[in-house]
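Note sheet for the following structure.
The values are calculated or read from the model by the stated rules, or taken from the named source; none is laboratory data. Model, not experiment: these values are computed from the prediction. In this analysis, Cβ positions are derived from the backbone assuming ideal geometry, glycine residues included, and neighbour counts consider all displayed protein chains. Ligands, DNA and RNA are excluded from the accessible area calculation, which covers all protein heavy atoms including side chains. Shrake-Rupley method; radii C 1.70, N 1.55, O 1.52, S 1.80 Å.
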Amino acid sequence: MRDEKPMFIQIVEMIRDDILAEIYQEGDLIISTPQISKLLSVNPATAQRAISVLSDQGIIEKKRGIGMAVACGARAAILAEQQANFHEKVVPEFIARARKIGIGGDELLKIVKESCDD
Amino acid sequence: MIDFKNVTKDYGKNIALDDFSISIAETGIYCLLGRNGAGKTTLMKALAGHIPVTDGEVSVAERAVTSLAMPQNVHFVESGAAQFNIRLIELFRYAAEINPDFDMAFAKEMARRFRLDNSKKYRRLSFGMKTMVNTLIALASGKQILLLDEPVLGFDPIMRKTFYELLSESCAEKPKIVIVSTHIIDEIEKTAEKLIIIDRGRLILFGDMNEIDEKAYSVTGPTEQVMAATEGLRAIGETRAGGFLSRFIFDERIQASENVNIANLGLTEFFVGLVGDEGEVV
């Protein structure tokens, strides 16, 4: 069922997605705390929390006097993490769901192959 | 900077503050929430030295506050406070005369942004505008501690928004402690950094606004599953409908399962859950 995450985690994921999609390149300055708070209409403390989480993860780093920038190697780290997540979580859940509605291994392979070819 | 040590204030039979203790050191915007009669105004009055406390000790910057020694670094704006019935520009001039730190340029700029007519006399202003003038004088006062009792009462939504933007700007420019009491939670939820909730003269919660984002959520689903999923967590309220239950939790986050739904709680719901009468939460 629906699992709404704390706002700061949602912000963290948004920025990570943007880095993965290369909307932010490594070295780019990211959106500032006041901008986040204004844009998403959230408390500045919440925006600050998201930024500090990203910084702790090593995804962004402080550029003195300018702001926070995407760290070197950030995209590769996010990519590796998301790929691991895909293998460990997304795929098993996908298979479990297919089984639940009576779609077996061979049929599933066929469906995936056809969908990929489209 | 602000210290309340076991402060009790009773008005005869009516106990407004009950063995109340709090210590505020950091600058920032503090949101003071409580139901009517919870003790919000008494708290501010005691801090400003407007009323003597029955027991305990109030101090500001390590100096005891009494009605004979009112703290000089505190500016208290009472709800519905009155001013001399003179033109606004004169009002500002007097404020500057009695307070050398008064920031006239800031006051004028704010008056412009709120479309206040400087040449209008105070009594000719609408209720909301009068409140705005009082707050404006407080913000321009340059004091380290501002106490604003219901500053947005009578404001339209646009004025409320502008007011909180201004408050943030003013605090970013000159860090200070601002304690704001209000019943209109919408905008302050997005502005305040700290949260103080009082009920029946007692401190119920003193924390970071981030805590609400991180720890306040609701778990909804079939009654039994919700009870099982939230076992051992601090529940602050609940709502029932048919065989379904929605429990308001203030604790570590749990993961949603197939049967239960997790949603974030806003400050309003959190506040109602925390201080609403148990009988009212059905």
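How big is the gap, in Å, between the Cα center of the range B:1-73 and the Cα center of the range B:192-261? Cα centroid of the range B:1-73 versus Cα centroid of the range B:192-261: 30 Å apart.
About the Cα centre, and with charges only on the beta carbon of Lys, Arg (+1) and Asp, Glu (-1), how big is the dipole of the protein assembly as shown? Nearest 20 debye, please. Mind showing how you got there, number by number?
Details: 47 positive and 58 negative charges, 355 e Å.
That gives a dipole near 1700 debye.
Per-residue extension of 0.36 nm, minus the Cα-Cα distance of A:Lys110 and A:Gln57, leaves a gain of 15.2 nm for this segment. Solvent-accessible area per residue in chain B equals 48 Å², computed with a 1.4 angstrom probe and all protein chains kept. Between B:Ile51 and A:Lys38, the FRET efficiency estimated from the beta carbon spacing at R0 = 51 angstrom works out to 0.85.
In this Cβ point-charge picture (+1 for Lys and Arg, -1 for Asp and Glu), chain B has a dipole of about 1480 debye about its Cα centre.
Which FRET efficiency, nearest 0.05, do B:Lys5 and A:Ile95 yield, Cβ-Cβ r, R0 56 Å? Let's see the in-between values first.
Working: r = 62 Å, r/R0 = 1.10.
So the FRET efficiency works out to roughly 0.35.
When restricted to Cα atoms, the protein assembly as shown yields an Rg and a Dmax of 26.0, 87 Å, respectively. State the percent of C-alpha pairs, over all pairs in the range B:1-152, separated by a distance greater than 26 angstrom. Counting pairs separated by more than 26 Å, the tail of P(r) holds 31 percent.
If one puts a single equal scatterer on every Cα of chain B and applies the Debye formula without solvent, what log₁₀ I(q)/I(0) results at q = 0.11 Å⁻¹? At q = 0.11 Å⁻¹ the computed log10 ratios are -0.70. Rolling a 1.4 Å probe across all protein chains gives A:Leu39 an accessible area of roughly 130 Å².
For the range B:211-275, what is one quarter of the convex hull surface built on the Cα atoms, given in nm²? Please report the intermediate quantities before stating the final value.
Numbers: hull surface 15.9 nm².
The Cα convex hull of the range B:211-275, projected and averaged over all directions, gives 4.0 nm².
Selection among A:Met7, B:Val180, B:Ile98 by position relative to the dipole of the protein assembly as shown gives B:Ile98 as farthest towards the positive end (Cβ unit charges, Cα centre). Coordinate range of the alpha-carbon atoms in the range A:1-101 per principal axis, descending: 55, 29, 21 Å.
Surface composition of the protein assembly as shown: carbon and sulfur make up 51 percent of the accessible area, probe 1.4 Å. Along each principal axis, taking the top coordinate minus the bottom one, the Cα set of the range A:46-93 gives 45, 25, 11 Å in descending order. The Kirkwood hydrodynamic radius of the range A:75-117, based on inverse pair distances between different Cα atoms, is 11.6 Å. Buried on complex formation within the range A:27-44 (loss of at least 30 square angstrom of accessible surface versus the isolated chain, 1.4 Å probe, ligands and nucleic acids ignored): A:Ser41, A:Asn43.
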